[in-house]
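As structure tokens, the structure follows; a few thoughts come after it.
The values are calculated or read from the model by the stated rules, or taken from the named source; none is laboratory data. As the structure is a computational prediction, the values presented were derived from the model and not from experiment. Glycine also receives a Cβ, built like all others from the backbone with ideal geometry; neighbour counts cover every protein chain displayed.
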Amino acid sequence: MSKESVAVVGIGQTKHVAARRDVSIAGLVREAARCALDDAELTWADIEAVVIGKAPDFFEGVMMPELYLADALGAVGKPLLRVHTAGSVGGSTALVAANLVASRVHGTVLTLAFEKQSESNAMWGLSLPIPFQQPLLAGAGGFFAPHVRAYMRRSGAPDTVGSLVAYKDRRNALKNPCAHLHEHDITLEKVQASPMLWDPIRYSETCPSSDGACAMVLTDRAGAARAPRPPAWMLGGAMRSEPTLFAGKDFVSPQAGKDCAADVYRQAGIADPRRDIDAVEMYVPFSWYEPMWLENLGFADEGEGWKLTEAGVTELDGDLPVNMSGGVLSANPIGASGMIRFAEAALQVRGQAGEHQVEGVRRVLGHAYGGGSQFFSMWLVGAQLPDS
Amino acid sequence: MTREIAVVAFAQTDHRRTSEELSEVEMLMPVLHDVLDQTGLKTADIGFTCSGSSDYLAGRAFSFTLALDGVGAWPPISESHVEMDGAWALYEAWTKLLTGDADTALVYSYGKSSPGSVRDVLTRQLDPYYVAPLWPDSIALAALQAQALIDEGATDEPALAAVATRNRAAAATNSHAQLRGSVPQGEYAVRPLRIGDCPPVGDGAAAVILAAGERARELCARPAWIRGIDHRIEAHGLGVRDLTDSPSARLAAEKAGAFDRPVDTAELHAPFTPQEVVLRRALRLDDSVRVNPSGGALAANPMMAAGLIRIGEAAAGIHRSESDRALAHATSGPCLQQNLIAVLEGDPR
């Protein structure tokens with residue numbers, strides 16, 4: 001028995017900001033869910049199950065908040081699943097929801113991911129000291145900066161590449177009304193002059209801390225046939241994990257990321273991602289991760305990813321646009337960031353991305369990662385059903 | 001037609017009041033080895049891995065990443081995690097196997113309650129604006145449920161004590177259980193609940209292997225086929241719920257096909273005695289059904305694992321040919337807010 005095809009027929013996001021003091025956690029998720037339902041022209045009654053994801057519960061100080069959110073998510077009397085796979089969780093959550101449709105357990109499901117980081121301090125929430133364990137240093141930047149330095153040394157990339165990524169993503173964000181950062185006066189010089197946080201990562205090359213939620217309505221072929229707007233079809237999806245630390249781990253280009261991408265490409269019949277995939281929404285919390293992931297995902301040979309960035313290939317009008325939405329560098333409600341990548345990929349193939357729409361894209365990759373570069377989730381979406 | 005999926009192996013720790021000398025990984029590893037050894041599988045043979053745990057119990061963010069070391073996720077594995085009891089990790093794995101993307105799945109969950117006061121920790125699960133600031137603890141909320149049942153005439157204190165006695169007597173033959181045999185009811189914890197009406201606080205882990213179709217028959221002499229599995233949630237506000245009933249458990253049981261034919265065994269995740277009263281009524285379990293031959297959550301209640309253990313115990317009964325059709329139940333949230341039901345069957349003997 002083959003799998004049921006999965007379509008994205010509704011997408012909703014909040015306007016991501018530093019602090020949504022005007023809404024409760026329930027209000028925040030409700031807003032995104034309502035947007036997605038409106039986009040699909042469906043009501044709460046059409047939703048059979050809800051799959052929610054978020055990063056550590058310490059960020060809001062609520063243990064397993066989905067219990068409290070059952071009412072706001074319209075989940076009372078329905079199945080409600082809560083996923084947590086670190087930073088990749090937004091992507092993983094969408095894939096768990098997609099499996100409910102693919103396995104024919106449900107016809108139409110709502111999936112949602114959120115973070116309300118203003119409720120706490122995310123950096124220190126990630127830095128809780130545990131006896132007898134290696135401390136994670138101060139926040140995620142302290143963990144990832146050495147791996148960026150390793151990439152620079154290994155590839156010989158010039159120091160400026162990171163700032164090019166940040167300058168591009170922050171300009172893309174100006175075309176995305178949902179992005180957190182709208183820096184209208186940004187210049188490359190300002191990025192390069194911003195304070196050094198974790199050498200070589202500067203302040204402007206770092207993701208913000210955001211409040212936000214993202215929701216999608218996923219459905220089967222019958223549901224897609226009733227949809228008012230063009231669906232995005234899931235052509236492939238996969239998750240891969242590896243341990244945080246082990247002898248021989250390649251932090252620059254983790255094997256789990258390569259394996260995850262290979263699985264997605266196999267499902268979707270992608271022989272050459274550089275040729276067959278039109279655009280990418282990838283999880284770039286620190287600027288240098290764009291060239292690093294370009295290599296890990298097979299868009300460039302090892303050591304060559306920075307050349308694509310430097311040549312402008314990943315610009316909005318480039319040959320392989322990356323993070324058309326402004327990416328994680330322009331909005332980072334952590335638990336939602338992966339789902340935003342997945343949703344932005346779907347928006348592109350649906351032709352619904354507004355000002356940051358790339359014309360004529362047929363296949364777009366959504367990518368998320370988390371933990372110590374160890375959890376990966378990805379999906380490839382297309383404008384057409386796989387076998388049509 | 002749907003793919004047939006079965007529980008083919010189950011393992012658990014000896015649940016204890018404290019395991020302070022062990023990290024979560026050290027607690028989990030013997031269980032993973034045990035469940036893999038039962039099938040002869042290695043980590044690399046497993047198609048999908050899914051776990052359930054809680055950062056709030058561990059006291060650190062991303063606590064499940066360390067457990068992955070115990071799994072030995074190298075080469076990289078297809079893996080996911082729910083911040084829920086392992087029963088829901090099993091549910092996710094079941095959907096994965098249904099898609100045909102994998103033929104086998106390893107499901108595990110674990111929880112250490114010993115480092116903190118779980119009674120207080122669980123208050124952080126409540127509505128953060130209107131309820132959690134009042135710190136109503138888990139025993140107090142269960143006592144509200146007990147009082148509602150008593151007021152309705154559905155039970156009384158001696159009947160609740162009998163539930164506790166029967167479960168712990170059953171646990172006498174369960175070497176993994178924490179409270180076994182004759183346990184005094186003791187003083188009131190929160191009226192009308194006595195200490196004996198409450199679950200033991202302890203640490204533990206459990207693991208299950210799922211397999212599809214012929215693969216299940218290769219790995220297990222008598223697989224416990226999952227005939228149906230479903231889960232439902234209720235409103236969070238206790239004030240809008242009827243605490244004497246469990247419509248979510250009943251609906252999940254209906255969807256899982258539990259009422260199609262009688263079951264011979266039921267493993268109920270009822271940490272407090274009044275919850276067994278609620279569930280027996282909602283699930284229409286009469287005296288012909290063996291309830292909690294393992295001793296249930298009143299005998300061992302490792303957070304995040306106790307629900308998965310119910311499925312594992314029900315499946316193990318089928319593996320041992322002591323049961324032919326069993327119902328397994330898992331719960332989450334205050335006063336049975338969220339409930340999962342699985343119906344397991346063995347091939348005809």
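Residues in segment A:12-33 that are surrounded by fewer than 22 Cβ atoms within 10 Å (Cβ to Cβ) and under 17 Å from the mean Cα position of the chain (by Cα): A:Lys15, A:Val17. Inspect all residues belonging to segment A:95-117 and state whether any of them is of a type in the set (S, T, N, Q) and closer than 24 Å to A:Pro177 by Cα. Yes, segment A:95-117 has at least one match. Scan segment A:306-324 and give yes if some residue there is touching a helix residue (DSSP H, G or I) at 6+ places or on another chain (Cβ under 6 Å), closer than 19 Å to A:Met216 by Cβ and surrounded by 24 or more Cβ atoms within 10 Å (Cβ to Cβ), otherwise no. Checking segment A:306-324: at least one residue is touching a helix residue (DSSP H, G or I) at 6+ places or on another chain (Cβ under 6 Å), closer than 19 Å to A:Met216 by Cβ and surrounded by 24 or more Cβ atoms within 10 Å (Cβ to Cβ). Taking helices (runs of 4 or more DSSP H) as the structural unit, those lying wholly within segment A:149-248 and holding at least 2 residues that are of a type in the set (Gly, Ala, Ser) correspond to A:161-173, A:221-226. Taken over segment A:61-84, the criterion of being part of a helix (DSSP H, G or I) and in contact with a strand residue (DSSP E or B) (Cβ under 8 Å, 6 or more places away or on another chain) is satisfied by A:Glu66, A:Leu67, A:Leu69. Taking first residues from segment A:12-27 that are at positive phi and away from chain B (no Cβ under 14 Å) and partners that are part of a helix (DSSP H, G or I) and surrounded by fewer than 23 Cβ atoms within 10 Å (Cβ to Cβ), no Cβ contact under 6 Å between residues at least 6 apart in sequence or on separate chains turns up. A count restricted to segment A:209-225 and to residues that are under 16 Å from A:Gly326 (Cα atoms) and surrounded by fewer than 22 Cβ atoms within 10 Å (Cβ to Cβ) stands at 1. Quickly run through segment A:178-208 and pick out the residues that are in contact with a strand residue (DSSP E or B) (Cβ under 9 Å, 6 or more places away or on another chain) and either in contact (Cβ under 8 Å) with a residue 24 or more places away in the chain or crowded, with 17+ Cβ neighbours inside 10 Å (or both). Correct list: A:Cys178, A:His180, A:Val191, A:Gln192, A:Leu197, A:Trp198, A:Ile201, A:Arg202, A:Glu205, A:Thr206, A:Cys207.
Would you confirm whether or not segment B:182-193 contains a residue that is touching a Leu at 6+ places or on another chain (Cβ under 8 Å), in contact (Cβ under 8 Å) with a residue 12 or more places away in the chain and under 27 Å from B:Lys255 (Cβ atoms)? No.
Mind listing whichever residues of segment B:64-83 are surrounded by 24 or more Cβ atoms within 10 Å (Cβ to Cβ) and either assigned by TED's automatic domain parsing to the domain that holds B:Arg232 or over 20 Å from B:Ala11 (Cβ atoms) (or both)? Selection gives B:Ser80, B:Glu83.
Yes/no matrix, rows are residues, columns are (1) within 25 Å of B:Asp127 (Cα to Cα); (2) within 14 Å of chain B (Cβ to nearest Cβ); (3) over 19 Å from the mean Cα position of the chain (by Cα):
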| residue | (1), (2), (3) |
| --- | --- |
| A:Glu4 | no, yes, yes |
| A:Gly10 | no, no, no |
| A:Cys35 | yes, no, no |
| A:Glu41 | no, no, yes |
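Listed here are the residues, each with its yes/no results for (1) under 21 Å from B:Ser321 (Cα atoms); (2) crowded, with 18+ Cβ neighbours inside 10 Å.
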| position | (1), (2) |
| --- | --- |
| B:Phe10 | yes, yes |
| B:Glu21 | no, no |
| B:Met29 | no, yes |
| B:Gln38 | yes, no |
| B:Gly47 | no, yes |
| B:Cys50 | no, yes |
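All of (1) modelled with pLDDT of 95 or more; (2) outside any loop (DSSP other than H, G, I, E, B); (3) farther than 19 Å from A:Phe375 by Cα; (4) within 14 Å of chain B (Cβ to nearest Cβ) hold for A:Phe58 with one exception: (1). The residue that is farthest from A:Val9 (Cα to Cα), counting only those in segment A:85-118 that are part of a loop (DSSP other than H, G, I, E, B) and within 12 Å of chain B (Cβ to nearest Cβ), is A:Ala86. Listed by first and then second residue, the pairs linking a residue in segment B:128-140 that is assigned by TED's automatic domain parsing to the domain that holds B:Gly239 to a residue that is surrounded by 12 or more Cβ atoms within 10 Å (Cβ to Cβ) and among the aliphatic types (A, V, I, L, M), with Cβ atoms under 6 Å apart and 6 or more places separating them unless they lie on different chains, are B:Pro128/A:Val62; B:Ala132/B:Leu126; B:Ser138/B:Leu122; B:Ile139/B:Ala189; B:Ile139/B:Val190; B:Ala140/B:Val190. Among the residues making up segment B:164-222, those that are surrounded by fewer than 24 Cβ atoms within 10 Å (Cβ to Cβ) and among the β-branched types (Val, Ile, Thr) are B:Thr165, B:Thr173, B:Val183, B:Val190, B:Ile195, B:Val201. Of the conditions (1) more than 7 Å from chain A (Cβ to nearest Cβ); (2) modelled with pLDDT of 95 or more; (3) under 21 Å from the mean Cα position of the chain (by Cα), B:Ser63 satisfies every one except a single condition; which number is it? Against the list (1) more than 7 Å from chain A (Cβ to nearest Cβ); (2) modelled with pLDDT of 95 or more; (3) under 21 Å from the mean Cα position of the chain (by Cα), B:Ser63 comes up short only on (2).
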